[in-house]
Each structure stands twice: as structure tokens, then as C-alpha cells.
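Beneath this line is the structure, given in C-alpha cells, with notes to follow.
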Amino acid sequence: MELLKTFIERKEDIWYAFIDHIYLSAVSILFAIVISVPLGILLTRYRKIAEPIIGVAAVIQTIPGLALLAFMLPLFGIGQEPAIIAFTLYALLPVLRNTYTGILGVDPSMIDAGKGMGMTSWQILFMVELPLSLPVIMAGIRTASVFTIGLAALAAFIGGGGLGELIVRGMSMNDDSLIMAGAIPAALLAILFDLAFRLLERTMTPRGLKV
Amino acid sequence: MIRFEHVSKEYKDGTVAVKDLNLEVRRGELLTLIGPSGCGKTTTMRMINRLIEPTSGTITIDGEDISEADPVELRRNIGYVIQQIGLFPHMTIGQNIALVPKLKKWKPDQYEKRVDELLDLVGLDPSVFKKRYPGELSGGQQQRVGVIRALAAEPDIILMDEPFSALDPISREQLQDDIVHLQEKIQKTIVFVTHDMNEATKIASRIAIMNEGELIQMDTPDKLLRHPANEFVRNFIGEDRLSPSTPTVIDLMHTSVATSSPRRGLAEALRLMKAKKVDSLLVTDQQNHLLGVVTLEKVAEHYRDEEKTIAHLLDRDIKTLQPSDSVSTVAEIFHESQIRAVPVVDEEHKLIGIVTRASMMRGLANWNNGVL
Ligand SMILES: Nc1ncnc2c1ncn2[C@@H]1O[C@H](COP(=O)(O)OP(=O)(O)O)[C@@H](O)[C@H]1O
Ligand SMILES: [Mg+2]
């Protein structure tokens, strides 16, 4: 009851926090995609440097979320931007790794066929390698999205807003239902994103790859 | 039309795949390159469309040195069928066939028409197959599409690298016929790599035999058979004749067989037949020598006689097969009599398997000639 009351009373707060949360996550994921997909493709062309670079991304991911945010403070101050930078760094690895392994995993005979038919290397990339590795790349993006949404709850610690804001406030005020008002939508959001991406993955997989 | 002059290829690791090759492919002929695995056939073929660059020597097409041509342009004008078929699984059959025409910027109505034309040419109904994906086609159908895809942009030259080696014998025969007809109709210059002498003699205008990177002999199939240049050619032809590329009993049998010792009683025999769901048992001695067969009928007939053992009911006069017998021998046996299963024995008359109608069909379906 208490909880319902809080939800109704604070519906505007919750709504803004919710929007903030989506914004933080979406922008971070978008940046991660824009950086990681081309980088992943590039690494398949320069495989000698692939291991160290993917290694760096892997190391970033092992830093606890809160610690990474703390590192942002002295470098970029507080607010949304440092939070977005931190989340982007976090989301790099799954997208990068899946792009890299996805493209390397394309059957060499497919590339051979493309080349033998007179495709340029760009045409091979866009007409053969990317469509064939799309399911793997999409899976990486889904993984990144789901945990970025979870992570975004920490943005509040450096003044980045989002649903974590309600949780932090609830904790300082010892108000359980306020904490829940932040936690429940955050959890729902993660589940929703996962479902949405699974659906997207299925619709984006070329039909011929499903038979 | 295509001329190799002193062409050699040494790979980075030092493997010399092709040695001082001189060879001319004439306009409109179907030349097969044949030789044992690793003799440099693929390397030779892939130098024609510059997927591999020669280490030395020159290759010309119509007198023009291909090393001066733009490789992408060159490849769009040479049809290429790779061994693994190489249809793109994410594109429909229509899109696969139209690919090179599209790369060459044909207009949609032009390439659509071409796709229909080509599908008709190999007996695949365009209204059915155009919108399908490669995964929805049988191996033989896929390979047909692979071949016509190479023809799509009307290239003068077509390269095929063991295109039929992964197919079952029946589809392979059909596709070989297709190629012969196609060649009569379109008169392209085709270079066809194979390791199967039967295939080569069936389709080739001329055959080039290679070994260890060198051209050993090049002539029409008939001349080659009549006048082999040396021991290697003789062996190569001969070997292939001795082991024609058809399945033998060993490919058609299965090896788990219900057997029994002759000393078993009838009740035991009956139980065994029930358990194994068979209507006869092969009877072997302790060294696995085949002694004969006992049928369910016989066992049932004498069942009451508790003193009888299998040895009494044994039918010793039965047909057997050797592992090297050909599929036609098996087919004949099944054709001539009502026998349902024929045991397979080795030279010492030891049982090694059994051929049934079902195992023969399965063997034929799975069989491919196994050499790469
Ligand atoms: N990329 C490569 N690097 C090194 N050696 C190779 C390469 N490709 C083929 N070879 C070697 O060159 C020889 C000829 O190969 P290939 O032309 O594929 O023979 P074939 O097609 O007649 O079986 C073989 O010994 C093979 O191992
Ligand atoms: Mg080969």
C-alpha cells in the first residue's frame, strides 16, 4: 500500500528518472556500438593487435562499476557525461568481442566465393561478412544493453540521474518504498530491453540463416 | 585463349605448388585438370582469376597479360564455381544468381530475365526456386545453382574446382550430363578441376594430367587412354579404372549383425531373434567364420523338438558378398531373388557385416567418393 502511494505521489519524479535512465543507457550503448563495431571489423584485418586491444576492453570490464565511476570524478567531474563515458567503456567489450569473433567466424569459403565473383573488399564486408555475422554481433549488443541498464542505476552516485537517484534518496531518507520506486522500474527495464533485443535479433537475422 | 607460359608458384612456406607450367586452353573447349590431391590443380586454376598470383611466368587471356588487368574486373568476367558450392545462405537463389550481373550494374529487368532463363536451363522452375534460400534446396539443386550462378553474367571463361565431388553418385551423374549439354549449347571456355578420371573422360574435350606441380600429359580423353605418355599416366588411368568411383559392399553394409553359435537351442534362438527384431540369425563359429543361416520359419517349425540345436537347422548353402564387390553385384542379388539380407565375409570366410536393402539405400545416400 505504502509502495503504491509512493508510486502515485512521486509519479513525475519516477517518470523523469525513468527517462533519464533510458537516455543514459541508450546513449552509452549507441556510443559503444559506434566505436566497437568498426573497431572489431578493423581488428579482423589486423589480427596481430586484436588480442591486446580486446584485452584492454576486458580489463576495463573487470573494474567494479562503482570504482570506474569514481575514477571518472577527478577526470570529468560529476553529472551525466562522466556517467555516459564510464558506461560506454563498460559496454565496449561484448560488442567488440562479438563483432571480432562473429566476422572471423564467417565460413572462409563464403569470402572466397565473394572474392572469386569479383566483389571488392568493401562489398565482401557489407554483402557477406556483416550479414552473416549479424546474429553474433546482435547478441553482443544485447548483452551490453542489459548490463548497461543495470549499471545505469549507479549513475546517481556521481550525479548522473536515473532511477538510481530514487534509490539513493530512499536510502538516505530510510524510505523503503522510495527505494523500491527506483529498483522495480530499473529491473523491469532490464528485462524489457532483453526481450526487445531478442525480438530484434530474430527479425534482423536474414531469413536464409534460419532454415 | 588462356595461355600459361613458364608459370611457377611457390607459397610463402616454400611449397612449390606449380612448376614451370606451359599450357594453353583453347576457346570453347572444356579442359579438365586432373591429378592426385595436392598436385597443384586448385593453385593453377586460381591463378587464372588472380585469386593467387604466380611467383614467376605469365598468364595471358586473348593475348593480354592478366597481371596488368584489374583483378576485380577480371573476376567479374570469369565465372567461378568453388568446391564448397559457396552459395550465400542469407540470399535467395534469385539474389545469388543475380549477384555478378548486379555487380556489373545490369538493369533489374535484365538480370531478372537472366535468372529465370538460367533456372529453366537446369530444370529448376523459377516460380518455385527463385525466392527460396539455399538451405531449402538439396545438395544437387544447390550445386546446379552454383554452376548457373557462374554463368549469370555471360562470362567467356568459367572455372570449376571439383564442383561435384561432394554429391551423391546419382546427382553427380546428372550434373555431369548437364555440363555436357550446357557446353554444347553455350560453347564457353571451361576449365574444370577433378580428381575423378571417369568424370574427366565423360565431360572433357581435353584432359591435362598433373603431378607434383607439373603438367605430365595433355590430350583428348581417347588419345590419353590409347597412348599414355608414361608410367604415371598409365597408373593414374589404370588405378582409376580398377577402382571405379562407385560404392562397394563396404560402403553399403552395416556391421552390427545378429549372430549365434551353432550350439544354441531353439528357444534361445527364438528369444534372440525377438530381441534383435530379425527373422534370421547368422551362425558363426568361435573364430567368427560364417557357417550358415538359420531362419525364423525353420526354428518355429522344429520348435517342439527340444533336442534340436541351431546346427541341425542350418542352411549352409547361402550367398555371400566380399567387401570389394560392387553395388551392381548387390543390386543383382536383390533383384534376382527374394533374399532380404546378404552376409559379407572376408577371404577367410569370417563374417564382417551384412547388406540389407535398407543398408544399401542408406549407404548409397550417404556415399560420396571420399577423396578430396
Ligand atoms: N596457401 C597455401 N600455402 C601453402 N601451401 C599451399 C597453400 N595452398 C596450397 N598449398 C600446397 O600446394 C600444393 C598444391 O595445392 P593445390 O593446388 O590445392 O592442390 P590440388 O588442388 O591439386 O589438390 C599442396 O602441396 C598444398 O599443400
Ligand atoms: Mg584442390
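Bear in mind these aren't lab numbers, they're just calculated from the coordinates by the rules spelled out. Remember, predicted model here, so these are calculated numbers, not experimental data. In this analysis, Cβ positions are derived from the backbone assuming ideal geometry, glycine residues included, and neighbour counts consider all displayed protein chains.
Nearest 10 degrees is fine. How inclined is helix A:130-151 to the longest principal axis of chain A, computing both from alpha carbons?
20 degrees
Could you tally the net charge around B:Ala152, taking each other residue with its Cβ under 12 Å from the Cβ of B:Ala152, Lys/Arg +1 and Asp/Glu -1?
Local charge sum for B:Ala152: +2.
Just how far, in whole angstrom, is region B:306-372 from region A:142-211 if you go by their alpha carbon centroids?
66 Å
Among B:Pro89, B:Pro323, B:Pro163, which one shows the highest mean-square fluctuation when chain B is modelled as a Gaussian network with alpha-carbon springs under 10 Å?
B:Pro89
If you place +1 on the Cβ of every Lys and Arg and -1 on the Cβ of every Asp and Glu, how big does the dipole about the Cα centre of region B:187-281 come out, in debye to the nearest 20?
Using Cβ point charges on Lys, Arg, Asp and Glu, region B:187-281 gives about 740 debye.
Work through the residues other than B:Gln174 whose Cβ is under 14 Å from its Cβ and net out their charges, Lys, Arg +1 and Asp, Glu -1. Display every interim value, and only then the final one.
Numbers: positive: B:Arg144, B:Arg172, B:Lys202; negative: B:Asp168, B:Glu173, B:Asp177, B:Asp178, B:Glu199.
That works out to -2.
Find how many whole Å separate the alpha carbon centroid of region A:8-52 from the alpha carbon centroid of region B:118-153.
Taking the Cα centre of each part, region B:118-153 and region A:8-52 sit 42 Å apart.
In whole Å, how far is the Cα centre of region B:16-43 from that of region B:47-70?
Distance between centres, Cα-based: 14 Å.
Contour minus end-to-end for A:Thr62 and A:Arg47, with contour as 0.36 nm per residue of separation and end-to-end as the Cα-Cα distance?
Taking A:Thr62 through A:Arg47 to full extension adds about 3.1 nm, to one decimal.
Considering the zone a paramagnetic label at B:His6 would reach in this model (a point 7 Å from Cα along the Cα-to-Cβ line), which residues of region B:38-79 have amide N under 14 Å from it?
B:55-59
Explain nothing, just the number: dipole magnitude of region B:2-242 about its Cα centre with +1 on each Lys and Arg Cβ and -1 on each Asp and Glu Cβ, in debye rounded to the nearest 20.
Working: 31 positive and 38 negative charges, 118 e Å.
Roughly 560 debye for region B:2-242.
Mind listing which trypsin sites (Lys or Arg not before Pro) in region A:130-211 are in a DSSP loop and have 12 or fewer other Cβ atoms within 10 Å?
A:Lys210
Can you tell me the dipole magnitude for the protein assembly as shown around its Cα centre, using point charges on the Cβ only (Lys, Arg +1; Asp, Glu -1), in Debye to the nearest 20?
Values: 60 positive and 70 negative charges, 175 e Å.
With only Lys, Arg, Asp and Glu charged at Cβ, the dipole is about 840 debye.
As I understand it, the value is the acute angle between the Cα axis of helix A:163-172 and the longest principal axis of the Cα atoms of chain A; what does it come to in degrees, rounded to 10?
Taking the Cα atoms of chain A, the angle to A:163-172 is about 30 degrees.
Which one of B:Val193, B:Val249, B:Ser138 is farthest out on the positive end of the charge dipole of the protein assembly as shown, using unit charges on Cβ (Lys, Arg +1; Asp, Glu -1) and the Cα centre as origin?
B:Ser138
Roughly how many nanometres apart are two label points built 7 Å out from the Cα toward the Cβ at A:Leu188 and B:Arg316?
My value for the distance between the label points is 8.7 nm.
Is region B:32-168 rounded, prolate or oblate when judged by the Cα gyration tensor, a ≥ b ≥ c being the square roots of its eigenvalues, rounded requiring a/c under 1.5 and prolate requiring a/b larger than b/c?
Oblate, since a/c reaches 1.5 and b/c is not below a/b.
Which GluC sites (Glu not before Pro) does region B:289-370 hold that lie in a coil by DSSP with at most 16 other beta carbons within 10 Å?
For GluC sites (Glu not before Pro) across region B:289-370 that sit outside H, G, I, E and B with at most 16 neighbouring Cβ atoms in 10 Å, the list reads B:Glu306, B:Glu307, B:Glu347, B:Glu348.
Over chain B, what is the mean sequence separation of C-alpha contacts under 8 Å (at least six apart), divided by residue count, expressed as relative contact order in percent?
Relative contact order comes out at 17 percent.
State the antiparallel share, in %, of DSSP beta bridges confined to region B:147-230, rounding to the nearest 5.
Roughly 50 percent of the DSSP beta bridges within region B:147-230 come out antiparallel.
Going by a ≥ b ≥ c, the root eigenvalues of the Cα gyration tensor, does the protein assembly as shown fall in the rounded group (a/c under 1.5), the prolate group (a/b larger than b/c) or the oblate group?
In terms of gyration-tensor shape, oblate.
For chain A, modelled as a GNM with alpha-carbon contacts under 10 angstrom, which of A:Ser133, A:Ser145, A:Ser28 fluctuates the most?
A:Ser133
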